[in-house]
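Derivation of every value follows stated rules applied to the coordinates shown; laboratory data play no part. Everything numeric here is computed off the predicted structure, so don't read it as measured data. Methodologically, a virtual Cβ is constructed for each residue, glycine included, from the backbone with ideal geometry; neighbour enumeration extends over all protein chains shown.
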Amino acid sequence: MSLLFNEEQILLRNTVREFAENEVAPRMPEILKTNEFPRNLYKRAGELGFWRLNIPEKHGGFGKGMVETCIVMEELAKVSPAMSLVVEIGIVDIPLLLEEPALYKYLEPCMSGDKILSGAATDPKGQSNSAEWEPLAVKDGNEWVLNGTRLYNTNNLSDIHMTLGLTQDREMKAFFIEKGTPGYDNSRVDLKYGMAGSGGGTTIYKDCRIPLEMACNVGIGDSQFYYRIYNNCAAEALGCAEGILEKTIKFCKLRTHDFKPLTSLQVVSQKLGYLRTLVEVAHSAVYDAATMFDELCKNHDPELERAWAIKAESIKLFVSETAVKVATECIKLHGGMGYHNPELHHYVGDAMCYCIMDLSNDIHWDNLALLMGLTEG
Amino acid sequence: MPKVLACYKWVVDGADVTVKKDLSVEKRFESKISDYDRNAIEAAVVAAKAMGCEAIGLTFGTERSKLSAKPALSRGLKEAYWINAPEAATADGKITADALAAAIRKIGDVSLVICSDGASDTLARQTAPRIGALLDWPVVTAVTKLTIEGNRMTATRKLEDCLEIVNVEFPVVVSVLPDINPAPLPGLAAIMGSAKKKTTEIKGEELGIAFSTNTEVTEVKGYAMDRKNILFKEGEMADKVRELANVLKKEGVF
């Protein structure tokens, strides 16, 4: 237990933990087998209020900050990194619905889990580097006409789809498209290395027309929007590492070698201690950055923002690499019983996702060098 | 307005307890509302709704049990009372019931007290009967269904081999089994709302009771399952299986 959390945060953590263990864990075999997330689990997440977490109270949310968001991400990811990911998409993207009055109508259905919101932000050309993207939307009278493709989306079997794209004036906007809109095809779901059930795939827009008011601004310079995602991602990676480590420690206590538990072997207990150390450091780093962000929201200070940006980049890198390390070592400790069990080995593929999602870690190293003043943009 | 009061206990989380080699028990930080008490709280919230009154909570514990207020309030209670007494750390069933009954008198206007059948740490199952005796109220135990009808209630009791239906007039003390409800998980709205609800501390000395007991817990030991570590090496596979079956028979497995 971390003494960092206040009473309310501990209660939040325990509640999400109980939900994950009692309601999500029993569904994992089915999710891993079908690569589909049960619709009623989305609804349940909405009932519990996960998507209201960082929405201002005047709009029906709880007005909470990054620490609470990380708590939800971490606890869900311990059991299901994929569920943590789909919840994160809502936590990050639903606040965009407040940016444009015409989008308000989706706010309550999305927060309550009645409607699922998906997010797309990877163009085939330039991938994460939006400077290389071709324009996605062209204005035609009272409508935007969208043409293009987005890869590696999450939740793409959704009711409302959000895609980031450039206008012909190279202005970055978030475009919202309702399921069934002609010219919008989100039917492709990829069989990925990890994150089974997160519904990721390719979306195609072909002369897809939406009203002008179905778009809102997302400034490409809005660094907080992106750095927030890195903090969330690090919290998910942390939960993923903790989830497989907890299972592995239990396993090593029960599994015997020469009538003695595996933990009686020094090589095993030392390795578990080392992995626990990595997780503890990751935990401290994630919540340090989250606390710093919440402080930044209260008192905007450019110096603090720069320090936080470096921290957000660093923790996304460190914790995602840690998750891969922890998950891989844990599966090795399980031996064949881990390699042959999807309920265990999914953590390896899931952990790898954190090294790639949002921005690949190689791009993060590059960004970090830039923020440190080592290179020029 | 009459109140429905749920008694609950703040216990060490079993998941945070380690049984060591010498069977001594190491308790760490984590505590929680006793598992079955969640059902009692939910039963109180449901009963209060049917009676058109408020459900409140009451716990008896040390300084640390103050942390139980928000988790209890997030489960739908309007107000939480907390008896703060260091003696709670070593209290037996008598002291616990003395403290709770005195606090119930002090709070006043309580029509229905709901306890769980037993706490998840001690499972002594004494609290409800003792509170009833001290208040001189009827006690209905092992309740799996509760229906409110004006100033009376009908309770279904789950006994060893039958169900018993009891109709009783308020005030009454009830102990419920987990079957009574699923004790739903509180949502985030309820968690955030719990901070705005009232928590009242009652100091142990305010109750005017003697915290003395003739019972002393001398030791708490865990139990551990040992492996027999028998390896069947001799003979063919059929011989090994036969030998295994013999050992299992001797152990009384079948």
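Quick notes
- Size estimate for the protein assembly as shown follows the Kirkwood approach: the inverse of mean 1/r over distinct Cα pairs works out to 27.6 Å.
- Leading residue at positive end of dipole, the protein assembly as shown (Cβ point charges), from A:THR291, A:VAL319, B:GLY118: B:GLY118
- Alpha-carbon centroid distance for the pair the stretch B:100-172 / the stretch B:187-219, whole angstrom: 19
- B:VAL168 sits among other residues whose Cβ lies under 15 Å from its own Cβ, and their net charge, with Lys and Arg +1 and Asp and Glu -1, is -1.
- Share, in percent, of DSSP beta bridges within the stretch A:113-182 that are antiparallel, nearest 5: 70
- Size of electric dipole in the stretch A:223-371: Cβ of Lys, Arg +1 and of Asp, Glu -1, about Cα centre, debye, nearest 20: 780
- Prolate/oblate/rounded call for the stretch A:223-371, Cα gyration tensor, a/c under 1.5 rounded: prolate
- Between 0 and 90 degrees, the angle of helix A:302-334 with respect to the longest Cα principal axis of chain A falls at about 50 degrees.
- B:ALA133/B:ILE107 FRET efficiency (R0 30 Å; Cβ-Cβ; nearest 0.05): 0.95
- Residues A:LYS139 and A:SER269, FRET efficiency given R0 of 45 Å [Cβ-Cβ distance, rounded to 0.05]: 0.10
- Considering only A:CYS216, A:THR202, A:ASN142, the residue lying farthest towards the positive end of the dipole of the stretch A:117-217 is A:THR202, judged by Cα position with unit charges set on Cβ.
- Within the stretch B:222-237: backbone nitrogen closer than 17 Å to the A:ASP258 label point (7 Å, Cα to C-beta): B:229-231
- Label point distance in nm, B:GLU236-A:GLU99, each placed 7 Å from Cα along Cα→Cβ: 7.7
- Once the Cα atoms are used to define both axes, helix A:39-48 deviates from the longest principal axis of chain A by about 90 degrees.
- With R₀ set to 45 Å, the beta-carbon distance separating B:LEU248 from A:ASP190 gives a calculated FRET efficiency near 0.35.
- Set of lysines near A:LYS192 by C-alpha distance (under 18 Å), chain-local residues within fewer than 8 positions excluded: A:LYS33
- Residue order, fewest to most surrounding Cβ atoms within 10 angstrom, among A:SER320, B:SER24, B:SER65: B:SER24, B:SER65, A:SER320
- In terms of Cα atoms, the Rg and Dmax of the stretch B:1-62 work out to 16.0, 54 Å.
- Residue pairs, from the table A:LYS311/B:LYS196; A:LYS247/B:LYS21; B:LYS9/B:LYS49, whose Cα atoms sit over 27 Å apart: A:LYS311/B:LYS196
- Separation of the A:ASP114 and A:LYS250 label points, Cα + 7 Å toward Cβ, nm: 3.7
- For the stretch A:7-111: rounded, prolate or oblate by the Cα gyration tensor [a/c cutoff 1.5]: oblate
- Between the Cα long axis of helix B:35-51 and the first principal axis of chain B there is an angle of about 30°, rounded to the nearest 10.
- Per-residue Cβ neighbour rank within 10 angstrom, fewest leading, A:ILE315, A:ILE10: A:ILE10, A:ILE315
- MRE, 222 nm, helices only [DSSP H, n ≥ 4, -39500 (n - 2.57), over the protein assembly as shown, to nearest 500]: -13000 deg cm²/dmol
- The stretch A:117-217 shape via C-alpha gyration tensor axes, a/c threshold 1.5: oblate
- Per residue of B:182-195, other chain Cβ atoms within 10 Å of the residue Cβ number 6 on average.
- Fewest neighbouring Cβ atoms within 10 Å first, the residues A:MET28, A:MET83 line up as A:MET28, A:MET83.
- In summary, the convex hull built on the alpha carbon positions of chain B has an orientation-averaged projected area of 18.4 nm².
- Of all aspartates and glutamates in the structure, those lying under 15 Å Cα to Cα from B:LYS27, and not within fewer than 8 positions of it along the same chain, are B:ASP13, B:ASP16, B:ASP121, B:GLU219.
- For the stretch B:47-122, convex hull volume per residue from C-alpha positions, Å³: 102
- Among B:189-196, A:263-270, B:224-231, sorting by the average number of other beta carbon atoms lying within 10 angstrom of each residue, highest first, gives B:189-196, A:263-270, B:224-231.
- Using the Cβ of B:ASP179 as centre and a radius below 9 Å, the other residues enclosed give a net charge of +2, where K and R count +1 and D and E count -1.
- Point-charge dipole on Cβ atoms (K/R +1, D/E -1) for the stretch A:1-111, about Cα centre, debye to 20: 220
- Computed over chain A, the alpha-carbon pair-distance distribution with 20 angstrom bins reads 29, 58, 12, 1, each value a whole percent.
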